[in-house]
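The numbers here are math on the coordinates, done by the rules we state, and not lab data. The shown structure was predicted, so the numbers you read here are calculated from the model rather than taken from an experiment. Quick reminder, even Gly has a Cβ in these numbers, built from the backbone with ideal geometry, and neighbours come from all protein chains shown.
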Amino acid sequence: MRPGGFGGGGMDMAKMMKQAQKMQEALMQAQEDLGSKTVEGTAGGGAVSVTANGHKEITAIRIKPEAVDPEDVETLEDLVLAAVKDAQAKAAGLAESSMGSITGGMNLPGLGF
């Protein structure tokens, strides 16, 4: 085995470490950028809309007046829940897309997407 190598002409450790550090920096920047990106989930044909950022944090909920029926609160609750789930799914897709472009589609543990 050659000094600093992996047997038969593989990449040397210093080069691998440098590439890993670059990837880590890019991932950190992408995570930061996700906080400023938003997605919108909707339900009931837009009667309820929920905005979330790329970290899957809910930042706003809008309910159209016609969705509010005091006699049927359960339906409104279901619409809000559906819109939240839609927003979270879209935020997860945004994060996966953003991080996947950096990692080349590798599923790296601990990245949270």
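Take the alpha carbon atoms of the stretch 38-103, find their radius of gyration, then divide it by 2.2 N^0.38 Å using N residues; give the quotient.
Cα-based Rg divided by the globular estimate yields 1.25.
So, counting K/R as plus one and D/E as minus one, what does the shell of residues with Cβ under 10 Å around G44 add up to?
Net of charged neighbours comes to -1.
Taking the simple approach of a point 7 Å from Cα along Cα-to-Cβ for both I63 and M28, what is their distance in nm?
Simple spin-label model gives 4.2 nm for this pair.
Hey, got a sec? Which GluC sites (Glu not before Pro) in the stretch 27-57 land in a DSSP loop and have at most 14 other Cβ atoms within 10 Å?
For GluC sites (Glu not before Pro) across the stretch 27-57 that sit outside H, G, I, E and B with at most 14 neighbouring Cβ atoms in 10 Å, the list reads E57.
What does the charge add up to near N53, with Lys and Arg as +1, Asp and Glu as -1, over the other residues with Cβ less than 13 Å from its Cβ?
-1
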